[in-house]
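Here the structure is laid out as structure tokens; the discussion comes afterwards.
None of the figures in this text is laboratory data; all of them are computed from the coordinates on show. This one's a predicted model, so the numbers in the text were calculated from it and none came from an experiment. Glycine also receives a Cβ, built like all others from the backbone with ideal geometry; neighbour counts cover every protein chain displayed.
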């Protein structure tokens with residue numbers, strides 16, 4: 001077998017680069033982290049553009065599908081993009097408007113309830129007559145209201161100097177504002193020129209990849225897009241239905257914080273499997289501070305609603321479109337949440353669904369058919 005000198009040079013350079021990366025890994029990892037940190041607005045903008053594009057595409061199909069006027073077609077994209085952004089901002093603002101006021105009042109109720117709860121615990125301990133008297137005297141002597149105020153001051157002021165905390169907070173806020181602004185600019189540019197960017201990426205892939213690799217790459221991206229699109233649309237629709245039913249049911253049962261808990265359940269329901277229970281757990285704790293019996297009624301109601309949602313609503317709205325068995329949905333949520341937190345829970349299911357579909361088609365020998373179908377689309 002004849003080996004060309006160009007191949008030897010490539011192998012030598014690759015081994016040398018690998019040696020440098022291993023030897024100076026700390027510097028290399030720091031440089032990679034710096035690059036990814038600088039590119040954060042681009043990543044956030046691309047993710048935001050993908051979500052907004054779902055709404056923008058819907059408005060374009062709904063209101064401009066039959067438009068033929070050149071002037072109307074020229075403003076179609078920017079107009080639908082603005083409406084899509086306004087829709088998202090309106091939805092987020094509505095959630096905060098429904099949740100924050102009642103959430104703050106519930107927190108204040110918890111703060112006021114703590115001293116009373118401690119007094120009740122002390123009374124119960126005195127009745128038991130098994131707890132040493134000095135411990136009971138210590139609990140009674142503590143001014144819990146002043147302790148709560150100290151904790152609140154410590155949280156707001158921090159452990160360092162006030163000026164240091166203020167500077168750190170201001171720099172963090174300004175950094176977040178700059179990142180959000182740059183992300184918005186990237187998202188707008190991506191949405192306005194998505195067809196052009198798609199063609200450029202396609203040309204680059206065709207130029208520098210072999211035909212076989214190019215086809216497989218297209219197949220993977222089409223599968224990912226299909227899974228994420230179905231997941232986002234299905235989960236949002238299901239979350240709205242679940243949150244609406246929760247709010248109406250709580251109104252009928254006369255339970256407190258109906259709008260707040262309904263909005264919270266709808267928001268957390270975006271996380272598969274455990275999302276609604278997370279929101280329900282917070283809601284049950286809030287109601288518990290008002291009335292333990294009503295908290296128990298709410299828990300029973302939420303369990304019944306979850307059964308209704310899981311057996312009737314979810315199959316009708318989302319169905320088996322994701323094509324992912326329940327065990328792998330739970331595994332994706334668990335692993336994704338353990339690695340990336342809430343963000344990992346949100347993206348774990350569509351990523352797992354895409355991987356499951358690709359592996360299943362490969363095992364069943366349908367990869368070539370799926371690749372041709374993806375290229376046709």
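Ordering 24, 219, 208 from the fewest to the most neighbouring beta carbons within 10 Å gives 208, 24, 219. In the frame of its principal axes, the range 20-72 has Cα extents of 62, 19, 15 Å, reported largest first. Among 76, 66, a tally of other beta-carbon atoms within 10 Å of each Cβ gives an order, fewest to most, of 66, 76.
Residue exposure proxy: 231, 50, ordered by other Cβ atoms within 10 angstrom of their Cβ from fewest to most, comes out as 50, 231.
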